[in-house]
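Take a look at the structure below.
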Amino acid sequence: MAKITYNICVLIVTYSNRWRFLEQVLKRVTTLKNVTDIIVVDNASAYSVTQNCNSLQDERITVITNEENQGSAGGYKVGLEYFMTKTSASFVWLLDDDNMPAPDALDKLTIEWDNVPGDDQQKALFSLRPDRKQHVMISQGEDAMRFYMVANSFMGFNLFKTPLNQYYKLRDRLFQRSQIKKNAKLPYAPYGGMFFHKQIIDLIGYPEADFFVYADDSEYTYRITRKGGQIWLIPGSTITDIDKSYGITYKRHFWRSIYLDLWSFRTYYQIRNSVYFYDQVNVSNRLVYGFNKWLFLSGQWFISKLTAKQDNYRKFLKAIHDGLTGSLGKVNPEKYS
């Protein structure tokens, strides 16, 4: 039985034509204990989210309709503002519209809330999404900093870390971890699965709407750890992604580039925002960072020649430029089309 007695708000952001996912998630969260409010932020969906939600006949569900798609950043910002000002709930659990929680996922979080150290304004919990390989490895004891905040890397590339990364890969093949930890620390996390007390919003504020989509969750949740708090991964609380995330099934080869092969508006925002975020928080040596950037871009240029993706490479460079210069906000389609 859950130890916690606080009321809990579930916050979900949806868009496009995704009722087939959202309906499943809503039917699950309405069965969970301690859920007193369910906020659905409709980012200009292609159907009436309000009408469909009303068909579930659950008065805990509130739909906030944005006439224009404000992305995940704007959507969660609007939802969190409503949570803070219009509900009496003490906790909020953020979910994507395709995040299917296990039946005991919320109970596991509320139990662990009392077990991890820190006051209400100093910690957040995060549910495990098993399709995220890095999170699974961290839950098995791998140091999270192997994957996060590798200093002076550019788009995840750091030449000087290559030997160590090769060692890690060899070790992963030779030694299989099986034991799951009760919890593990993360420097930041996606929105989907985040659980925290409303007091933490007094500390970190709201998401930055100018990110629109991608890396906005990293920037937002990293504020927790930057201000001395902790994010705890709780492996016992699991969420399954009904819809496969962008790029998760992409087959990687050394002569191919996911950025050039899968170029789209998603790629533009992912690159621009990631470059901006990491340039702000992850650079301690500009010379090393610049060298890694030059090598990475040179490699992308060479791949673009091999694969006849020069046009996508030029768009890729625009996204890099916008990130480095802090040119955020929702952009016109010609930027990425």
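Read-outs: derived from the displayed coordinates by stated rules, not from any lab. Note that the coordinates shown come from a computational prediction; the quantities given were computed from them, not determined experimentally. Counting neighbours? That spans all protein chains shown, and the Cβs are built from the backbone with ideal geometry, glycine included.
Between helix 310-324 and the chain, what is the angle of the helix's C-alpha long axis to the longest principal axis, kept within 0 to 90° and rounded to the nearest 10?
60
Report the extension gain between Phe160 and Asp114 in nm, rounded to one decimal, defined as 0.36 nm multiplied by the number of residues separating them, less their alpha carbon distance.
Fully extending the segment from Phe160 to Asp114 adds 12.5 nm.
On a 27 Å Cα-Cα criterion, which of the cross-link pairs Lys123/Lys182; Lys108/Lys133; Lys293/Lys335; Lys309/Lys335; Lys133/Lys318 come out too long?
The answer is Lys133/Lys318.
Among the trypsin sites (Lys or Arg not before Pro) in the range 243-303, which ones are in a DSSP loop with at most 12 other Cβ atoms within 10 Å of the Cβ? Mind listing them?
Loop-located and lightly packed - Lys244, Lys251, Arg252.
For percent of Cα pairs over 35 Å apart, the choices are [x] 28; [y] 23; [z] 17; which was calculated from the structure?
For percent of Cα pairs over 35 Å apart, the calculated option is [y].
Can you tell me which of Phe195, Phe21, Phe175 moves the most in a GNM of the chain? Springs connect C-alpha atoms under 10 Å apart.
Comparing Phe195, Phe21, Phe175 in the GNM, the peak value goes to Phe175.
Please tell me which of these pairs span more than 32 angstrom C-alpha to C-alpha: Lys77/Lys185; Lys244/Lys305; Lys27/Lys86; Lys161/Lys330? Intermediate values should be presented prior to the final figure.
Values: Lys77/Lys185 25 Å; Lys244/Lys305 30 Å; Lys27/Lys86 23 Å; Lys161/Lys330 34 Å.
Those over the limit are Lys161/Lys330.
What is the order of Val281, Val331, fewest Cβ neighbours within 10 Å to most?
By the 10 Å Cβ count, ascending, the order reads Val281, Val331.
Determine the shape class of the range 23-169: with a ≥ b ≥ c the square roots of the Cα gyration tensor eigenvalues, call it rounded for a/c under 1.5, and otherwise prolate if a/b is greater than b/c, oblate otherwise.
Working: a/c = 2.22, a/b = 1.69, b/c = 1.32.
In terms of gyration-tensor shape, prolate.
Taking θ = phi - 60°, what integer Hz values does the Karplus form 6.51 cos²θ - 1.76 cosθ + 1.60 yield along the range 202-210, in sequence order, with x for Gly and Pro?
Using θ = phi - 60°, the values come out as 5, 7, 10, x, 10, x, 7, 4, 5 Hz.
Please work out whether the range 258-335 counts as rounded, prolate or oblate from its C-alpha gyration tensor, where a ≥ b ≥ c are the square roots of the eigenvalues and a/c under 1.5 means rounded, while otherwise a/b larger than b/c means prolate and anything else oblate?
Note, shape of the range 258-335 comes out oblate.
What range in the chain is the longest one free of GluC sites (Glu not before Pro) that are in a loop by DSSP and have at most 12 other Cβ atoms within 10 angstrom?
In short, 69-337.
Sequence neighbours fewer than 8 away in the same chain don't count; with that in mind, list the aspartates and glutamates whose C-alpha is under 16 Å from Lys181.
Leaving aside aspartates and glutamates fewer than 8 places away in the same chain, those within reach of Lys181 are Glu112, Glu142, Asp143.
Going by how many other beta carbons lie within 10 Å of each one, how would you line up His197, His321, His135, fewest first?
Listed from fewest to most nearby Cβ atoms, that is His321, His197, His135.
Against the longest principal axis of the chain, how steep is helix 216-226, in degrees 0 to 90 to the nearest 10, with axes from Cα atoms?
Long axis of 216-226 versus the principal axis of the chain: about 80 degrees.
Would you mind ranking Ile201, Ile64 by Cβ crowding within 10 Å, fewest neighbours first?
The most exposed by this proxy come first: Ile201, Ile64.
Is the shape of the range 196-300 rounded, prolate or oblate, going by the alpha carbon gyration tensor and its root eigenvalues a ≥ b ≥ c, with a/c under 1.5 for rounded and a/b larger than b/c for prolate? Working shown, then result.
On the way: a/c = 2.03, a/b = 1.33, b/c = 1.53.
Cα axes put the range 196-300 in the oblate bin.
Hey, can you grab everything whose amide H is under 5 Å from the amide H of Arg129? Only 5+ residues off in sequence or another chain; H modelled, so Pro and N-termini drop out.
So Arg129 has HN proximity to Ile239.
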